[in-house]
1. Determine the dipole magnitude for segment 453-533: charges of +1 sit on the beta-carbon of Lys and Arg, -1 on that of Asp and Glu, nothing else is charged, the reference point is the Cα centre, and the result goes in debye to the nearest 20.
2. Using a 7 Å offset from the Cα along the Cα-to-Cβ direction at both Val111 and Asp269, what is the distance between the two label points in nm, to one decimal?
3. Along Cα→Cβ, 7 Å out, is where each label goes; now give me the distance between the ones at Gln214 and Gln559 in nm to one decimal.
4. So for Arg462, Arg104, Arg84, fewest C-beta neighbours within 10 Å to most, what's the order?
5. Cut-off is 10 Å between beta-carbons; in what order do Lys306, Lys499 appear when sorted fewest neighbours first?
6. For segment 186-274, just say rounded, prolate or oblate: build the C-alpha gyration tensor, square-root its eigenvalues into a ≥ b ≥ c, call rounded for a/c under 1.5, and beyond that prolate if a/b exceeds b/c, oblate if not.
Amino acid sequence: MDQRPDAAPSLPDDHLARVAFEGAPVGLACLTGADLRIAAANAALGALLGSAPEALAGRRLAELDHPRGPGTSLDLPREACWRRADGTPVWVRLRAGPERAGCRVITVEAVEDAATARTEQTRLALASAGLGEWSWSPSDGRVTLSDRAATILGRPAGTRPTWVELQDSVGRDDLERIRATVQDAVAKAIPYAIEMRFRRAGDGQEAWISARGQATLAPDGSLTGMIGVLQDVTAREEARRALHDREQRLRVATTVAALGIFEWHVLDDQSLWENERMWEIFGRRPQDGTISMREFFRTVIHPEDKAAFRRAVTAALHGDGVLHATTRIRRAAAEPAGGAPETWRTIEMAGRFERDGPAGLPRRLIGMVADITGRRLAEERQTLLIRELHHRVKNTLATVQAIVGSTARTASSIDSFYEAFVGRIMSLAHTHSVLTEDVWQTASLRGLLENELRPYADGDMRPGTGGRVELDGPAVDLPSEIAVPIGMAIHELTTNAAKYGALSNRAGRVRVRWSLEPGADRPRLRFHWQESGGPTVAPPTRQGFGSRLLQRVLTTQVQAEVATDYAPGGLGLTMLAPLPARNAALNPLATL
């Protein structure tokens, strides 16, 4: 078919109708075919679309649609947004006319007022949502901003900055990401959404901007521009960052405090463990999965603590929803390949039940778990130490009382009483000081001997050195219950040797040997004191405090077997004493 406007098949045969068609003050088009192809257009339609009527012939109506408007169809009358020859949009109203000789005539009228009103309504809607419009033209590289968009970017209304100018205000870390996102969206002809840091031109303040856009393409697929909206999301971003910071602070606090965080969903009996500490407390690995409350009661909680834990949960459900419970749990070794045994740990659990409503069913329990095994052991150890202290003070006072009474009975004068009493009290104080400084509440046997004999030694006290005092034996730590009486016995032996025995002249020597021997239920200490080179020794005519200490105190408090030899060549004493077993609860360094 000849598609020129003067072709006879395209117009009515009546000459008057042809003149009326071409000279009509409104746009007219004659359409043919199912695809609504323009067979002829008049001058008014050409002027409306900024194109010669001849240039419109042969084009489909759908080719005139602008991306902003709805697609044109046969559903007439209707309004549509068409694209002028320069690419600008124009809103038109289409009405169907008569059909003659295979052509359907439509009238096309500009609806500037309606379009303006619609555009204004759109802008108001966008403004109420905090959105500003923008468009970019590739011909000059400039970005047209609505008043709202200009305000968001801190620019005066009506300005058209270039993209190069705008990107100088975008955070450097965001530029490459923005380019990659936009290029991918243009290539796929899809919308895009990006967020970026932007330094406002007016005040230099940094803001977070959300930009959405889409490329506009020509029929041949070439890029004709971009349109979109902007939104200032600084408040939302600051709120998100504040929430993230709070979560980080909470995570750091719980990590430092060694607290595990969990959620337990009541209806489906599923638990969610929020941090690594939960896995450590229960001795599990992520691949093992978490523990349901059913499994917790069946295999984890200590049988003796089940009733108390149920009561705590029931009280929380019937009360204010706050749960506080202390219980023992069974924890397997984190690496079971080594065959490590299970251990019982004491945990403290605190949380709150959330409900669907004020009177609704409990939905989930959010809480924290702390492993307080170390604290419980420390409390038990403290209690034991207090009892030990009371016992030791009581024994010490009894010992001091015995020292006062016995020293007074055996002293010949005030000066001799003072000298003997002070020496014995100082020896007792030193032994207690050694016990207090040691974490295991023990005293070294060699240390007690060196403290008493060092003033009389003429050199090294090791065996084989030929010194006046020789100490020969392995390292032995005396528990507190026998360290005090053995320390006082060493003091009495040393004092007696200095006054009457081998240490009272320059030629005398003292040799001390000790060893550990196996016993029926615990090891025994064999201790031998031997003097030589001193004055001739004779058995005492009366029993003094020293003799009573060696015979009674060692026998009673240490359960030792004591044998004293008053040989003329020098005093000898042998003691065989069982060593008490250490109380593990007194060891603060024990592995928890």
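Readers should treat all values here as calculations from the given coordinates under stated rules, not as data from a laboratory. If you're wondering where the values come from, they're calculated on a predicted model, not measured in any experiment. Note that each Cβ is placed from the backbone with ideal geometry, even for glycine, and that neighbours are counted across all protein chains shown.
1. Working: 11 positive and 10 negative charges, 58 e Å.
Here the size comes out at about 280 debye.
2. For the pair Val111/Asp269, the computed spacing is 6.5 nm.
3. A separation of 9.4 nm, rounded to one decimal place.
4. Arg462, Arg84, Arg104
5. Details: Lys306 14, Lys499 11.
Starting with the residue having the fewest Cβ neighbours, the order is Lys499, Lys306.
6. Numbers: a/c = 4.46, a/b = 1.91, b/c = 2.34.
Here segment 186-274 falls in the oblate category.
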